[in-house]
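One structure is given below, encoded as structure tokens.
Every number in this text was worked out from the coordinates using simple rules, so none of it is lab data. Values in this document were obtained by computation on a predicted structure and should not be read as measured data. Please note: Cβ atoms are built from the backbone with ideal geometry, for glycine as well, and neighbour counts cover all protein chains shown.
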Amino acid sequence: MIISLKPNVDAFAFIQRLERMGFLVVRSQESRLSIVKGVDDTVKPELFKELPEVADVLETREKFKLVSKAVQEKTVIHIKGRTIGSGELFIIGGPCSIESKEQMEECARVVQENGAAALRGGAFKPRTSPYEFQGMEEEGLKILKEMGDKYHLITVSEVMDASQIGLVSAYVDILQIGARNMHNFTLLKALGSVKNPILLKRGFAASYQDLLLAAEYIISAGNPNVILCERGIRTFETHTRNTLDLNAVPALKELTHLPVLVDPSHGTGKRSMVLPMARAAIAAGADGVMVEMHPNPDQALTDAAQTISPNSFKKMVKELQLVANACRECHESI
């Protein structure tokens, strides 16, 4: 339920009063409050309309309350002079795994020279086999931070467990939650305690509602800075690693105020398909993309088959900017 307050109402005092009555209340905009818990089975929404502070009450039927577009029109995340969700094209590039300082410096240079915003790199790697490379852990995080600082880039790396949040957030700007952990509710709730934006990837068998409810866990725990990421789902198709569900972009834009990115690297698993699907993602309305890029893609320790080269990354950034500009002109002319 969304409550719109009348002008000049002391929202803080009103929220305190509701909380003393046992409601969970979140302030979403200047004069709007979200009653998240304590209403459905105890108090009828009509009763709130009788309060002198209340201008209007809107009932929400979705299970997700705080991420719903009924709460607010748009969330824009500001970080290091860049924005996510404002219309600015937000591009993240870098290797799947941090392997060395030399590797990360080359990636950082390519990302920075081509005007992209963020450098990604995995320090803790969830691998299907326990015998595969698991990442450089804290040493890798130190390298990522050093390169981010040197090249003035936003940094992105994955958190796999609640015990890693403090360590990773000390080095990294945006914390990534991978597809395997989208349903790790203990981890999601723990992320509410940090201020870092959270890049939440859709699970490979998750519905849109599943993804939005996972975001709801983070926001209801205290962190409103969530970025959704479509990274492909598992289907009966075997030609590609996953099926990149670009329906998700306009669907999520209709359902939520949160920014939406697309990962065409995991979404396809094929280097040759990363650029065309990245273009399609921006045309569909995504706020940006995240791709895997390596100085020597065939030598990458993880995800080599879907990793693009620096030259391909450069070409991609130019193409995505052209697509974004063309789409912007179309929207303005409608």
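Numbers at a glance
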quantity	calculated
Contact order normalised by residue count of region 288-334, Cα under 8 Å, 6+ apart, percent	27 percent
Beta bridge orientation in the chain: antiparallel %, DSSP, nearest 5	40 percent
Order of Y217, Y208 under a 10 Å beta carbon neighbour criterion, fewest first	Y208, Y217
Ranked by how many other beta carbons lie within 10 Å on average, peptides 89-97, 282-290 from highest	89-97, 282-290
Karplus 3J(HN,Hα) series, Hz, for region 91-106 with 6.51 cos²θ - 1.76 cosθ + 1.60 (x for Gly, Pro)	10, 10, x, x, x, 4, 10, 6, 10, 6, 5, 5, 4, 5, 5, 5
Calculated FRET efficiency for the pair Y131/K195, C-beta based, R₀ 35 Å, to 0.05	0.45
Cα gyration tensor shape for region 205-334, rounded if a/c is under 1.5, else prolate or oblate	oblate
Nitroxide proxy distance, nm - points 7 Å out along Cα→Cβ at D56 and A13	2.5 nm
Over 31 Å (Cα to Cα) - which of K44/K201; K270/K318; K65/K314 fall in this group	K44/K201; K65/K314
Relative contact order %, the chain, counting alpha carbon pairs below 8 Å whose residues are six or more apart	15 percent
Pairs beyond 20 Å (Cα-Cα), from K101/K150; K80/K253; K69/K253; K6/K253	K80/K253; K6/K253
Inter-label distance for E88 and Q209, nm, one decimal - labels placed 7 Å from Cα along Cα-to-Cβ	3.6 nm
Per-residue Cβ neighbour rank within 10 angstrom, fewest leading, F48, F133, F313	F133, F48, F313
Contour minus Cα-Cα distance for E73 and E254 (0.36 nm per residue)	64.2 nm
Nearest-0.05 FRET efficiency for F236 and S4, computed from C-beta distance (R0 51 Å)	0.65
At q = 0.13, 0.18, 0.26 Å⁻¹, base-10 log of I(q)/I(0) for region 282-334 (Debye sum, equal scatterers on each alpha carbon)	-0.42, -0.65, -0.96
Region 194-327 - percent relative contact order, Cα under 8 Å, separation 6 or more	18 percent
Cross-link partners of K74 among aspartates and glutamates (Cα-Cα below 14 Å; sequence separation of 8 or more within a chain)	E30, E88, E254, D287
Alpha carbon centroid spacing (whole Å) that separates region 149-192 from region 114-141	12 Å
Ranking of E99, E46, E62 by count of other Cβ atoms within 10 Å, fewest first	E46, E62, E99
Spin-label model distance (nm) - K150 vs N296, 7 Å beyond Cα toward Cβ	1.9 nm
